[in-house]
Amino acid sequence: MIQVKAPGKLYIAGEYAVTEPGYKSVLIAVDRFVTATIEEASVAEGTIHSKTLHHEPISFQREEDHIVVSDTNAANQLKYVITAVEVFEQYAKSCGKALKHFDLVIDSNLDDVSGHKYGLGSSAAVLVSVIKVLNEFYELDLANLNIYKLAVIANMKLQSLSSCGDIAVSVFTGWLAYSTFDHDWVMQQIETSSVAEVVKKNWPGLYTEPLQAPENMEVLIGWTGSPASSPYLVSEVKRLKSDPDFYGRFLEQSQSCVERLIYAFKTNNLKGVQSMIRRNRSIIQQMDKEANVDIETPQLKLLCDIAETYGAAAKTSGAGGGDCGIAITGDHTERASIYKSWRASEIKPLPFHVYQGQ
């Protein structure tokens, strides 16, 4: 039996701009996981079991490059798992691997106990966990970059608006600077080339760089209890492209801010990190006002304002509109006060930590 885990994520800075190729963001992997377990099947049939979807194991067959399950409803619910398996096995066959029957189990603790989503990128972690466990099962020993690319190819077959930063940090873990690739170019490659050929190519715009946090820096995470719809919010913000002057200005301001944030990381400058977190919040607030989509909801504003009263630098995380906010502090004594005030305002502190990989 083989078991692997893929962490969830939170954006720290660069949201929305990161959907454009070449514009940088900073993310963290958090110590909450999707876990994938696999073992070779004892019969000539495979099964997939997603514990979080409350399914009994679903049997599957292969038809050419496709995984086919008899239960249509289950097939839809398991589409991320199934697509990841299909993409990986196309790659494995190109490497001369004979396909095997297996039993695959997926479990997750990325949501709260009642099933509410924290916004930690569960779909990305599912894709990554499946690719990682199949990589070990078929003994391909793939580099992280290739695991990322395979998960992205599966993701692009299912949706097109994601920057795939959540996939990147789920693979590389820790603190990560990231910019996305040219989506049109990659999609064209997917449509005209084999999976192996797409993985082998250099992807224009793609950038990943691990970062080391300044000494004594701590990330506090608060959850509003209200889920956000990232695809809707991103699509609404994309409308700002109709005003190229404003949208271009937003992109350049975000890029400059994130570049300075990355420099603060590299120079062990906590105050510089906090300054750029505040600057990024202001840039996103300006864009939010122009797009009129309520990225920083009243509850997220309260979360940030509470943290700021205790000297922390705070902002929304990810698409906003609900889900989580983050606060950056260098004084560990502030944590208890911020948590207490958040709780009093019905904001749930999430005691998660940055996950640095296995």
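Since every read-out is calculated from the coordinates, none of them should be taken as a lab result. Predicted, not measured: the structure shown is a model, and the values here were computed from it. As a convention, Cβ positions derive from the backbone with ideal geometry for all residues, glycine included, and neighbour counts pool all protein chains shown.
Panel order for D245, D294, D103, by other beta carbons found within 10 Å of each beta carbon, from fewest to most: D245, D294, D103. Among H101, H332, H49, which one shows the biggest mean-square fluctuation in a GNM of the chain, springs joining Cα atoms closer than 10 Å? For the chain, modelled as a Gaussian network with Cα springs under 10 Å, the answer is H332.
State whether segment 215-350 is rounded, prolate or oblate according to the following rule on the C-alpha gyration tensor (a ≥ b ≥ c being the square roots of its eigenvalues): a/c under 1.5 gives rounded; otherwise a/b larger than b/c gives prolate, and the remaining case gives oblate. Taking the square roots of the gyration eigenvalues as a ≥ b ≥ c, segment 215-350 is oblate.
Within the chain, which complete DSSP H helices have Cα atoms spanning at least 20 Å along the helix axis and a mean Kyte-Doolittle hydropathy of -0.5 or higher? Answer set is 79-94, 122-137, 144-158, 244-266.
Just to be sure I understand, if you calculate semi-axes √(5λ) of the Cα gyration tensor in Å for this structure, which of [x] 40, 27, 21; [y] 28, 26, 21; [z] 35, 23, 19 do you get? Answer by label: [z].
For segment 2-210, the orientation-averaged shadow of the C-alpha convex hull comes to 11.1 nm² (one quarter of the hull surface). Our estimate of slack between T72 and N109, defined as 0.36 nm per intervening residue step minus the Cα-Cα distance, is 10.8 nm.
Just subtract the alpha-carbon distance of M1 and L140 from 0.36 nm times their residue separation and send over the number in nm, one decimal.
In short, 48.4 nm is gained.
Taking 12 Å as the straight-line reach from the Cα of K157, the aspartates and glutamates in range (excluding those fewer than 8 positions away in the same chain) are E86, E191.
Comparing E64, E15, E86 in a Gaussian network model of the chain (Cα springs below 10 Å), the most mobile by mean-square fluctuation is E64.
Using a cutoff of 8 angstrom between alpha carbon atoms and counting only pairs six or more residues apart, the relative contact order for segment 215-350 works out to 40 percent. When the Gaussian network model of the chain links Cα atoms closer than 10 Å, the mean-square fluctuations of N155, N269, N292 top out at N292. For R260 and M187, what does the FRET efficiency come to when R0 = 22 Å and r is the distance between their Cβ atoms, rounded to the nearest 0.05? About 0.10, to the nearest 0.05.
Take the alpha carbon atoms of segment 144-194, find their center, do the same for segment 236-278, and report the distance between the two centers in whole angstrom. Each part's Cα centre sits 22 Å from the other's.
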